[in-house]
Structure formats: C-alpha cells, structure tokens
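Note sheet for the following structure.
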Amino acid sequence: MTTNLGVRRPDKAAYMLRAAATDAGRAYKQQLLDLLDVRTGQTTLDVGCGPGTDLGAFAELVGENGTVIGVDRDPAMLAEARDRTTGLPTVEIREGDAHALPVEPGSVDRARIDRVLMHVADPAAALAPLHRATRPGALVGLAEPDWDTLIVDADDLDTSRAFTRYTTSVAVRNATIGRSLARRTEQAGFTVLTVLATAPVFQDFQAADHTLGLGRNTQKAIDSGHIEEDLGRRWFASLSEGPFLASFSLFTVLCSR
C-alpha cells in the first residue's frame, strides 16, 4: 500500500496562523481574551507569542498608553511577529525563553500563555518567572490541550488508540499539561479564578490532518514501531474515505497574582 501520509513538516509560522484561523482556534482565543479583561494603559505579556497572531488584538485593547510585550525564542517567529506588528508602536518584540523572561519583575498587568507549556522543558520552571513578572492583582490566562483525550473515530479503534498513545508518550513533550494546569498554577503561587474545558471538534479531514498532524505522526509512529505499517497506512487511508470526526480536550485557566 502506498498511501501518502503527508510526512513533510509544515512551516511553523504558517501552521500556527492557519490553526488560529480555524473556528475552534478563534473561539478559544476569543474566550481567553475576554477572560483576561485587558484594560487601556496596561502592560500585557504574551509568552511564546509565535508569529504574533494576537499581538494586534492586545495592542488595540491597551491603547496608545499601554504596552504589549511579545516574547519568543524562535528567530523565525520573532521576525514574523515584527513584520505583523509594523506600525504598532505599543508592541515590543523580545527574544527570550519562558524559563527566563526578559521582563522587569512586577511590571505586567495581564499575561497569556497559549499552548506553550506543552512544549517547554519544565512547566514549573516556566511559571515561576511569570509569577515574578506580574504585579499583585494581575490576571494571567493559560490555555493548554490534554492530548491523552485525543479521539479519532475509525472502525479500527485499536489503531486510533495507538495513535493517541504515541502522541501522548512520544510526539508531545508535556502531553497532559491541560489537566494539571490549574494545579500547577496554584503551586506557582497564583490563585485560580476560572477553569474551563472545551472540546474542539474536527469534521473536515484535511483541516484535522493539518492541525493534529495525523499523517506525519502516523508515519513517525510506524517508523518507531508504535504502529504496524500496514495497519497504520490502512487506518490513515480510511479517515478520508467517509464521515470524519476527531476531538480533544482544551483547558483554559484564568488566575490572579
């Protein structure tokens, strides 16, 4: 069988921008933005800002007397973010790591971490600098998936489960960070105000393949021996042949300093 698993890794900036533009992406991002209640004149921090998808929205909310700081460690992301925020004088793009934020202690009124902790080396070590950077009374919003809840509908449920196990155990560094987000923020010294869980639903196979990496991660699972090749290829091929559905849990936490 020669099913094309689409193993080519997508451009990171293009991937993030496309994911943010989906209905599910727009919905949870707006929910998080509403919870943060950003006010005019405030200093807002976006940790792991990526290509700057949401920096313009923050800039509009803080107004001409506020400041928006976007931090990322990836030079390509920083270049894209700078291009996207040209003409927005209140936006500052800074190179830095979540574990050592380039921000003055006690200087931030609002902060956001959006799908970043699942990738960092040490989530606790990333939350500690965020606590130092925020002022007393500051609001912090975080959103992270729990990949252990990933479901892909297929007749071959065993391979669907094997794909989820591979995603959780190998593909994503901190795959279950979503469920522990409230606990971890409490341990970092924040007070949890709100915990929400949503389940984005994908019914378009191509969109799900792009966002969830179905093809490229199936190939990686095959290569690493987590899924038998014929089973993996048949499973992936079957996903595009009829009605499609996949979903996972996304946790959003609002906390205060």
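The values are calculated or read from the model by the stated rules, or taken from the named source; none is laboratory data. These figures come from a predicted structure and were not determined experimentally. As a convention, Cβ positions derive from the backbone with ideal geometry for all residues, glycine included, and neighbour counts pool all protein chains shown.
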request  = Looking only at the stretch 131-150, decide whether some residue is touching a residue at least 24 places away in the same chain (Cβ under 8 Å), touching a His at 6+ places or on another chain (Cβ under 8 Å) and surrounded by 20 or more Cβ atoms within 10 Å (Cβ to Cβ).
outcome  = no
ask   = Which one of these does Leu231 not meet: (1) within 28 Å of Arg26 (Cα to Cα); (2) in contact with an Asp or Glu (Cβ under 9 Å, 6 or more places away or on another chain); (3) at pLDDT 95 or above; (4) surrounded by fewer than 16 Cβ atoms within 10 Å (Cβ to Cβ)?
value = (1)
request  = Check Val103, Val120, Val91, Val116 and return the single one that is in contact with a helix residue (DSSP H, G or I) (Cβ under 9 Å, 6 or more places away or on another chain), within 16 Å of Val172 (Cβ to Cβ) and without any contact (Cβ under 8 Å) to a residue 60 or more places away in the chain.
outcome  = Val120
key: Which listed residue, of Glu186, Glu241, is out of contact with any Lys or Arg (no Cβ under 8 Å at 6 or more places or on another chain), surrounded by fewer than 16 Cβ atoms within 10 Å (Cβ to Cβ) and not in a loop (DSSP other than H, G, I, E, B)   = Glu186
Members of the stretch 151-166 found to be surrounded by fewer than 23 Cβ atoms within 10 Å (Cβ to Cβ) and not in a helix (DSSP H, G or I), listed by number = Ile151, Asp153, Ala154, Asp155, Asp156
request  = Tally the residues that are closer than 30 Å to Phe190 by Cα and either touching a residue at least 60 places away in the same chain (Cβ under 8 Å) or touching a helix residue (DSSP H, G or I) at 6+ places or on another chain (Cβ under 6 Å) (or both), restricting the search to the stretch 151-173.
outcome  = 1
request  = Only residues that are within 19 Å of the chain's Cα centre (by Cα) and either more than 23 Å from Gly25 (Cβ to Cβ) or at pLDDT below 95 (or both): list them for the stretch 203-215, please.
outcome  = Ala207, Ala208, Asp209, His210, Thr211, Leu212, Gly213
